[in-house]
Each structure stands twice: as structure tokens, then as C-alpha cells.
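All remarks here apply to the structure that follows.
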Amino acid sequence: MNIDLSTLSAAERLTLFLRALYESRGYCLFSMNRLEEYSLYVENMNFLQSRDIIVFSDLDGRLMALKPDITLSIAKSINGDSASLEKLYYHENVFRAAPHAREYREIPQTGLECIGAVTDYDLAETLYLAQRTLGAIDENYVLDVSHLGFVSAVMEAAGADGALCEKLLSALRRKAPHELERAAKKGGLSGEASEKLARLAAVSGDFESTLAEAETLCSGRKAKAALKALHNICAPLDQTRLRLDFSIVSDMQYYNGVVFQGYVQKVPNPVLFGGQYDLLLEKMGKTGKKAVGFALYLDGIGRGYGEPRALPPRATVLYDEGEDPGRVFAAVNAEAAKGLSVRAVTDPNDILGTLIDIRKGEKNA
Amino acid sequence: MLNIALPKGRLGSTVYAIFAAAGYPALGMPETDRKLVYENAECGVKYFLVKPSDVATYVERGAADVGVAGSDVLFEQGSAVYELMDLGVGRCRVAVAAKNGFADDPSAPLRVATKYVNTARDYYKKLNREIELIELHGSIELAPILGLSDVIVDIVETGGTLKENDLSIVRVIREVSARLIANKTSYRFKQGEIAALVKNLESRGGEGK
């Protein structure tokens, strides 16, 4: 079968490109059912971006959900006893509540998960694939990285824990230095610690110079080790499109190490989310395994980068109701072979494009 | 060019004065006529004047790169934007208020009239207090006077309107002030311009005023 790629939409071409890209790095396609047992989400609610889930009772009484997330299902499916490195990619739809609207949306998502004996090479390769993924949408992209080990080391050094830590992380996500400083002071932290936490929100920019700035914020062993690890992982990447930004704070019950988000110029919010989530596997009892992955949300991309698909010119075969189907087939096939998009109708008022009128055995333009 | 969404009205005028003093004036501002867009190509800014409660939407969806919105609106709408700076103006409080002498009856759901439904729901959920929300869009103070609600959750600036209507504050939920907000993608692709704006606003002493 020959497929004319020009007939595909931008999203379809992107999906094909990404499939080839991920398979070139040893990833296998992972297909799954759209349903998952609700209990998986109850046990890992904080892993999800939203608690709004479409739930229903299955015929056997089990509570089921339309998947709001893919990573949890893949992590669940991994054999905890296997020593092999699992490299899986997917193209699935997830069901989530739309922000600011009381309705659910079906969101197409493409992503990959690398689970098992994940090394620094695997982390670097995942970030590399994230960069290539974003670059396939728009060469003017940025990938922001952070390291949760560093963020938690800064919090620890400042003396913040428990509820105060949650408040500080919430302000950090919003890049609100004034809120960080206020919360820190209200929480009884020293002026110096409060000022450093406020600076953490503003540390953002090209990777190398921002890394040097980050080193001045915390000199503890744990913080140094986190920055060193981040440097090693990011060194092989395209530095021109790489940024360091500590406002990327995923849930620390599940995520650890490197976390990242991707942006393209024509979409007003991040389109790619990823990170290292060894703690999720540990929580699932799959100890000794590490994991990293990312998901690309395709719903916002269509608006920014969708292009009108070049539809083939249309034609209509007009025939009498009692006409021999074989004669209609022949007329339709003849026009379709010319590359036209052909419909066969009996109503003279339902003509689109070129008219092929076989009622009279004539062809009219 | 930095696209800036400013709130119309009194807060917008105050905020524009801060921006102008920081080196970002625009001819004709503030609001001399029905114009909604003002540009200063030399300074690299274009101002949009929008309804105060819509500023965060313009910024979140990328129609504006930055904007100024009240922290009450940001919390209520749960806007996914960066909150780069407290401009220190537009100070007020979101508070629970009731008729003078009000005593809560815990044996029945509390009737709460407000336009801040998410804020009120969040606040009473934390208190584990069952409520009946009544969404209103103006003259909220009337609700307890007419027996429509037991309490209101609303913005309180001086407390003058409450006093005149025989109402008083029961509890302050949060302090409010105007915040400089930024779109997440713009923050990446226009970081130089946004950082310069923050620096200039800070250096004219906007923060914490």
C-alpha cells in the first residue's frame, strides 16, 4: 500500500515521526485498554494531576475508571522480579477534567517509559528524546530541567519540613519569591534561609550559567551531589535549548531526581512533562527498580501548529436509483484513480466538486 | 514586544502609574477614551485593558505575556501562571462577614453568599463545616440583611460598606494584593524582557509598598 504523507494531518505526521524515533532507541509500542481499576488511582491519587476521574461500576461490581494517566498503568504492568530494562512507548488517550470547566476531555498523549536498571545514560537518553520530540513540533522549543534532590536539599538546609515545606513548594511552583519569603519567615526560618528560598524561585535560565548560580544557594553534600548528577545527565544534550528552572516541582512522594518540562513557542502552557519516578515503583513494591519517562500532550499542539490538511479535489457521480451497482463502481473507480475524492449520489442537489453524470452516460465539469 | 494585560478601573490606573514610573509609559494611558489597546514601540510594550477578573485568563492562555491581577482572583480561579512579584497595591482582605451579633449554629449547614465560590468552598472544607453556597455577582452585603444567607465571603477594603450595613468581619481568610503574573511559555521565550520589567518595577520600589 502506498500512502501519500501529504494527506496526513500535522499531528498524524508527528505521531509517525515519534514512533520511528522511539523505536530507533529500542522502545516497543505498548497498547492498553482504556479502562483501569479505580483502586490503582485511589492508592496513588497524588501522582495524578487532578482528582477528577470518570468512575463506574463494571458488571462484576468492580469500580473501574477511564484512564486519567498512562504511567501508572505501565508501572503496574511491569514485572517486579524481572531484571531486564523495559523501554515502552505509547500513543493513547487519557480522560481528564478540563481546567476551569466542569467537563471531562479526552486528551491524546504520546510518551515513553524506561523502567528497570536505569542508568545516567538512560536518563540522558530520555532527555535527548524529549528534546527531539519537542524539536519535531517546533525547532524553537525549550526543555526546562530541575532536580528534586537539589530542591529538597535546599528545603532541608533551610530547616523546612512538613506543612511548611508544602507551602514553600506551592509558592515555588508559582515562582512567587514574595510568597516563599513570607511563608519562610512565618514558619520561623532565619532571614538568610528565607532570602535563599526566595532566590530559588528566580533561578532560571540557560543551563550552564544557571547551574553555577544554583551552586551558590546550597553547599551541602546532598545539594552538590544533585547538581553534579544533573550536570552529568545534561552534558550530552543540545545546550542551546536547555534551561534550568527549579519551579518544576512534581510530587516528591513519587518523583525523585531529574524532572523536566517542555515548551514550544506557539502553545501557552507546557506540552511535555517528565521525570524520574523511582519512588512510585518502590510504593508499588517493585523495589530496586528505577524509572524515568515523559508524556507529550497533543491537544494543545493542534491549535498552535495545526495546518489545514490538503484535501484531494472532490467529484460526485450522479446515478439513477435503479442503476446497476457495477456501473456506478466503474465510474467511481475511474475518478478515484485520478486522485479525486469521489462520492456517488442519486440526488442532483447533493453535488460536490466535479459532476460525473452517468444518468445520461455523459461527463460534465 | 511585551503584551501586558492590565485591569480596567481604579486598580488599573494605580498599576499603570507604577509601570510608567518604571520606564514603560504609553501615550494616552490611562483610559482617556474607549481604547482598549495602547502601545509604546520604543519601550517594547503593548497594554491591553481588560476586566480585572479576566486578566489571569488572558495571561494563562498566552494572549498577554504578563499582567496584573489580584491574589484573590488568582486563588479563586486557580490560574496556572507565574506570580513574579507582589506590587504592594490594591491591598484588601477576603473575609467572612455577617450581621452584627451573628452566632453560628453548627446544627445546620451555613448559608454562604459569595462570588468567591472556590475560595469559600476551600475555606469551609478545611474547617470541616458543611455549607450551602449561594453564588452572587454583586451587592453581596445584601444577602445576610435580607436573610438570603447567614454569612458572606467577600472583599473588604476599609470595612466602610460593612459598617454602613450593620455587618462586621467574622474571620479574615486571606490578605490580598495586586501581583505581577506571567504566562509560563512567555516566561521562557521572552525571559530577558520579563526579567528587565521585574527589575525595573523592583527598582522603582513597587514591591512591598
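Among the candidates A:Met45, A:Met32, which residue alone is modelled with pLDDT under 90 and either within 30 Å of B:Ala80 (Cα to Cα) or of a type in the set (Lys, Arg) (or both)? It would help to see each step written out before you state the result.
Working: A:Met32 fails: either within 30 Å of B:Ala80 (Cα to Cα) or of a type in the set (Lys, Arg) (or both).
Of A:Met45, A:Met32, the one residue that is modelled with pLDDT under 90 and either within 30 Å of B:Ala80 (Cα to Cα) or of a type in the set (Lys, Arg) (or both) is A:Met45.
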Breaking point among (1) β-branched (Val, Ile, Thr); (2) in the same structural domain as B:Thr57 (by TED's automatic domain parsing); (3) outside any helix (DSSP H, G or I), for B:Val153: (2)
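Restrict the check to the stretch A:194-204 and report whether at least one residue is under 29 Å from A:Asn140 (Cα atoms), touching a Gly at 6+ places or on another chain (Cβ under 6 Å) and in a loop (DSSP other than H, G, I, E, B). Full working, then the answer.
Let us first name the residues in the stretch A:194-204 that are under 29 Å from A:Asn140 (Cα atoms), namely A:199-204.
Subset that is touching a Gly at 6+ places or on another chain (Cβ under 6 Å): none.
Taking every residue of the stretch A:194-204 in turn, none turns out to be under 29 Å from A:Asn140 (Cα atoms), touching a Gly at 6+ places or on another chain (Cβ under 6 Å) and in a loop (DSSP other than H, G, I, E, B).
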Residue list for the stretch A:207-242, restricted to those being in contact with a Lys or Arg (Cβ under 7 Å, 6 or more places away or on another chain) and not in a helix (DSSP H, G or I): A:Leu217
First in the stretch A:312-327 and free of Cβ contacts under 8 Å to residues at least 12 places away in the same chain and surrounded by 16 or more Cβ atoms within 10 Å (Cβ to Cβ), second anywhere and of a type outside the set (Val, Ile, Thr) and not in a strand (DSSP E or B), Cβ under 7 Å, 6 or more apart: none
Filter pass, A:Lys266 being part of a loop (DSSP other than H, G, I, E, B), within 14 Å of chain B (Cβ to nearest Cβ) and of a type in the set (D, E, K, R): yes
Qualifying residue in the stretch B:29-49 (condition: within 15 Å of the chain's Cα centre (by Cα) and either in a strand (DSSP E or B) or closer than 28 Å to B:Asp154 by Cβ (or both)): yes
Residue within the stretch A:272-289 that is out of contact with any Leu (no Cβ under 9 Å at 6 or more places or on another chain), closer than 30 Å to A:Gly116 by Cα, within 14 Å of chain B (Cβ to nearest Cβ) and not in a strand (DSSP E or B) present: no
Checklist (1) in contact (Cβ under 8 Å) with a residue 60 or more places away in the chain; (2) out of contact with any strand residue (DSSP E or B) (no Cβ under 8 Å at 6 or more places or on another chain); (3) farther than 23 Å from A:Pro177 by Cα; (4) not polar (S, T, N, Q) applied to A:Val264, failing item: (2)
Every residue from the stretch A:131-187 that is touching a strand residue (DSSP E or B) at 6+ places or on another chain (Cβ under 7 Å), assigned to a helix (DSSP H, G or I) and hydrophobic (A, V, I, L, M, F, W, C): A:Leu134, A:Ile137, A:Leu148
Test: residue in the stretch A:255-262 that is farther than 29 Å from A:Leu48 by Cα and within 14 Å of chain B (Cβ to nearest Cβ): no
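Working only within the stretch A:302-318, note down all residues that are of a type in the set (Gly, Ala, Ser) and modelled with pLDDT under 70. Before you say what the answer is, go through the steps one by one.
If we filter the stretch A:302-318 for residues that are of a type in the set (Gly, Ala, Ser), which is where we start, we get A:302, A:304, A:306, A:310, A:315.
A:Ala310, the sole residue that qualifies.
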Filtered residues of the stretch A:117-148 (kept if buried (at least 20 other Cβ atoms within 10 Å of the Cβ) and among the small types (Gly, Ala, Ser)): A:Ala130, A:Ser146
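For the condition of a type outside the set (Val, Ile, Thr), buried (at least 17 other Cβ atoms within 10 Å of the Cβ) and not assigned by TED's automatic domain parsing to the domain that holds A:Thr15, what is the one hit in A:Glu179, A:Glu156, A:Glu166? I'd like the intermediate steps shown before the answer.
On the way: A:Glu156 fails: buried (at least 17 other Cβ atoms within 10 Å of the Cβ); A:Glu166 fails: buried (at least 17 other Cβ atoms within 10 Å of the Cβ).
Going through A:Glu179, A:Glu156, A:Glu166 in turn, the sole match is A:Glu179.
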Residue within the stretch A:240-248 that is modelled with pLDDT under 95 and of a type in the set (Asp, Glu) present: no
Those residues of the stretch A:196-212 which are more than 13 Å from chain B (Cβ to nearest Cβ) and of a type in the set (Asp, Glu), in sequence order: A:Glu208
Test for A:Leu311: is it away from every other protein chain (no Cβ under 14 Å), assigned to a helix (DSSP H, G or I) and of a type in the set (A, V, I, L, M): no
Residue count for the stretch A:63-107, restricted to those that are of a type in the set (A, V, I, L, M, F, W, C), closer than 24 Å to A:Pro268 by Cβ, touching a Lys or Arg at 6+ places or on another chain (Cβ under 8 Å) and in contact (Cβ under 8 Å) with a residue 12 or more places away in the chain: 4
Residue within the stretch A:288-307 that is free of Cβ contacts under 8 Å to residues at least 40 places away in the same chain, under 13 Å from the mean Cα position of the chain (by Cα) and under 21 Å from B:Val81 (Cα atoms) present: yes
Filter pass, B:Val153 being within 14 Å of chain A (Cβ to nearest Cβ) and of a type in the set (A, V, I, L, M): no
Residue in the stretch A:36-56 that is farther than 25 Å from A:Ser250 by Cβ and not in a strand (DSSP E or B) present: no
Pairs, first over 14 Å from B:Ala98 (Cα atoms) in the stretch B:129-143, second surrounded by 17 or more Cβ atoms within 10 Å (Cβ to Cβ) and β-branched (Val, Ile, Thr), C-beta under 8 Å, six or more apart: B:Ile131/B:Val112; B:Glu132/B:Val112; B:Leu133/B:Val112; B:Leu133/B:Thr114; B:Ile134/B:Val112; B:Ile134/B:Thr114; B:Glu135/B:Thr114; B:Leu136/B:Thr114
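Do we find that B:Ser139 is closer than 21 Å to B:Leu11 by Cα and out of contact with any strand residue (DSSP E or B) (no Cβ under 9 Å at 6 or more places or on another chain) in this structure?
Numbers: closer than 21 Å to B:Leu11 by Cα: yes; out of contact with any strand residue (DSSP E or B) (no Cβ under 9 Å at 6 or more places or on another chain): yes.
For B:Ser139, the condition - closer than 21 Å to B:Leu11 by Cα and out of contact with any strand residue (DSSP E or B) (no Cβ under 9 Å at 6 or more places or on another chain) - is met.
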Checklist (1) within 14 Å of another protein chain (Cβ to nearest Cβ); (2) farther than 30 Å from A:Glu139 by Cβ; (3) over 17 Å from the mean Cα position of the chain (by Cα) applied to B:Asn118, failing item: (3)
The stretch B:81-115: number of residues that are away from every other protein chain (no Cβ under 14 Å) and part of a strand (DSSP E or B): 13
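The values are calculated or read from the model by the stated rules, or taken from the named source; none is laboratory data. On a predicted model such as this, the values are computed, not experimentally measured, just so you know. Neighbour counts run over all protein chains shown; Cβ positions are idealised from the backbone, glycine included.
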